[in-house]
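Take a look at the structure set out below.
Read-outs throughout are calculated quantities, based only on the coordinates presented, and are distinct from any laboratory measurement. Everything numeric here is computed off the predicted structure, so don't read it as measured data. No Cβ is skipped: glycine too gets one built from the backbone with ideal geometry, and neighbour counts run over all protein chains shown.
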Amino acid sequence: MIKVAYASKTGHVEKIINKLGLTDALKIVDGTEKIDGEYVIFTYTSGKGKTPKPVERFLSANPEVKAVVGSGSTAKSHIETFNYAAENISKAYNVPILAKVDGVGTDEDMARIRTELEKL
Ligand SMILES: Cc1cc2nc3c(=O)[nH]c(=O)nc-3n(C[C@H](O)[C@H](O)[C@H](O)COP(=O)(O)O)c2cc1C
């Protein structure tokens with residue numbers, strides 16, 4: 001299975017990682033972490049559709065990203081920039097978005113992400 005790195009500020013992405021049983025996933029804290037080889041990144045979106053700074057830093061230092069999974073919010077205040085971090089990363093690194101979920105996602109989301117991860 002491909003490696004996974006993730007960033008989580010308020011715990012939703014971490015819950016997703018736990019639900020998927022990705023016990024070896026690397027947690028991005030300040031973006032100075034290193035991962036060897038190809039990986040999938042899981043990220044939240046921060047203020048007004050921004051990619052979190054630690055995630056940007058991590059990606060610059062570890063450019064072998066192969067795909068992205070986003071957790072955002074469909075709340076009225078965020079819907080126009082729903083999962084923009086995943087969109088930004090997808091465009092910047094030319095990689096597919098495996099899923100864009102709301103918060104911790106649904107069981108269906110988890111099943112889809114699992115299937116997509118297994119294909120990589
Ligand atoms: C200040 C702030 C700004 C946010 N902006 C967006 C946004 O522009 N688009 C979006 O989809 N979600 C946005 N969100 C929602 C988070 O990305 C979402 O809750 C995500 O599940 C958080 O993941 P985490 O709990 O792992 O940090 C925002 C949340 C906060 C607190």
- Task: Give the number of residues within the stretch 1-21 that are outside any loop (DSSP other than H, G, I, E, B), without any contact (Cβ under 8 Å) to a residue 40 or more places away in the chain, in contact with a strand residue (DSSP E or B) (Cβ under 8 Å, 6 or more places away or on another chain) and within 12 Å of the ligand (Cβ to nearest atom).
- Result: 3
- Of residues in the stretch 73-91 being aliphatic (A, V, I, L, M) and within 10 Å of the ligand (Cβ to nearest atom), the one surrounded by the most Cβ atoms within 10 Å (Cβ to Cβ): ALA86
- Message: Step by step: first the residues of the stretch 29-64, then only those that are of a type in the set (S, T, N, Q), closer than 17 Å to TYR93 by Cβ and more than 16 Å from the ligand (Cβ to nearest atom), then the one that is surrounded by the most Cβ atoms within 10 Å (Cβ to Cβ). Which residue is that?
- Response: ASN62
